Amino acid sequence: MSKSRAEAAAGAPGILLRYLQEQNRPYSAQDVFGNLQREHGLGKAAVVKALEQLAQQGKIKEKMYGKQKIYFADQDQFATVSDADLQGLDAKIVALTAKVQSLQQSCRHMEAELKELTSALTTPEMQKEIQELKKECAAYRERLKNIKAASNHVTPEEKEQVYRERQKYCKEWRKRKRMATELSDAILEGYPKSKKQFFEEVGIETDEDYNVKLPDP
């Protein structure tokens, strides 16, 4: 056992006695160990040993609940509290509870405000963002100016006419391709050579030869 752990174990009875008297509520050895481990560095064995020692000395009380021992401060050391005192303590508890709730709400508000401020841009970042937006707006204004100044605008009617002509020509393209395909297939039924040889001899060029694809309807 290290020196610090040994010193903590030696002082364990005093630490546990003060803790149980201050809290004045029942605890198991595991509860006490979990509550005081981080603050005092007590090991589980040292806690169990100190609690048993205090109980044997009559400084604290122990009771069995099932298979578990429960330890608590000796109630005889505390003065008898009158009903009036109990009512005063109850009122104090209510007031403190209300204060705690108010402080918790205030903490939540401050945490929300802190989160909002943390996520917000700093002044230099905001200034940089403003400059970038100004440049972007200037570019858009220049682009809009050039568009308005252009003399080759296409009217909605002209645009519609272009789409109608495209549709017309694509329809004719599709029709003629189908006719050519049907005609070549009919010829190939009695042609002794391959389709490729037939196209080469006749001089037929296909869309595929030029990586051309018929547009969707």
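The values are calculated or read from the model by the stated rules, or taken from the named source; none is laboratory data. Please read these numbers as outputs of a predicted model, since none were measured by experiment. Note: ideal-geometry Cβ built from the backbone for every residue, glycine included; neighbour counts use all protein chains shown. Calculation scope for accessible area: heavy atoms of the full protein, side chains included, ligands and nucleic acids excluded. Shrake-Rupley method; radii C 1.70, N 1.55, O 1.52, S 1.80 Å.
For the reader, a short list of remarks on this structure follows.
- The conditions of being in a helix (DSSP H, G or I), modelled with pLDDT of 85 or more and surrounded by 10 or more Cβ atoms within 10 Å (Cβ to Cβ) are met by residue 177.
- Among all residues of region 29-48, there is none that is loosely packed, with under 10 Cβ neighbours inside 10 Å and of a type in the set (A, V, I, L, M, F, W, C).
- Some residue of region 132-153 being among the β-branched types (Val, Ile, Thr), outside any helix (DSSP H, G or I) and free of Cβ contacts under 8 Å to residues at least 12 places away in the same chain: no
- Remark: residue 134 falls outside the filter, which requires a residue to be surrounded by fewer than 10 Cβ atoms within 10 Å (Cβ to Cβ) and at negative phi.
- Of all residues making up region 65-101, the number that are aliphatic (A, V, I, L, M), surrounded by 10 or more Cβ atoms within 10 Å (Cβ to Cβ) and either in contact (Cβ under 8 Å) with a residue 40 or more places away in the chain or not in a helix (DSSP H, G or I) (or both): 3
- Of all residues in region 57-103 being aliphatic (A, V, I, L, M) and touching a strand residue (DSSP E or B) at 6+ places or on another chain (Cβ under 7 Å), the one that is farthest from residue 47 (Cα to Cα): 73
- Restricting region 2-28 to residues that are modelled with pLDDT under 90, under 44 Å from the mean Cα position of the chain (by Cα) and not in a helix (DSSP H, G or I) leaves a set whose member that is surrounded by the fewest Cβ atoms within 10 Å (Cβ to Cβ) is 2.
- Any hit, region 102-112, residues being in contact with a helix residue (DSSP H, G or I) (Cβ under 6 Å, 6 or more places away or on another chain) and either of a type outside the set (Asp, Glu) or not in a helix (DSSP H, G or I) (or both): no
To keep it simple, each residue is scored yes or no on (1) open to solvent by 90 Å² or more (accessible area, probe 1.4 Å); (2) at pLDDT 85 or above; (3) of a type in the set (Ser, Thr, Tyr).
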{"residue": "145", "(1), (2), (3)": "yes, yes, no"}
{"residue": "164", "(1), (2), (3)": "yes, yes, no"}
{"residue": "172", "(1), (2), (3)": "no, yes, no"}
{"residue": "191", "(1), (2), (3)": "no, yes, yes"}
{"residue": "196", "(1), (2), (3)": "yes, yes, no"}
{"residue": "203", "(1), (2), (3)": "no, yes, no"}
{"residue": "217", "(1), (2), (3)": "yes, no, no"}
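- None of 86, 117 is closer than 19 Å to residue 24 by Cβ and hydrophobic (A, V, I, L, M, F, W, C) except 86.
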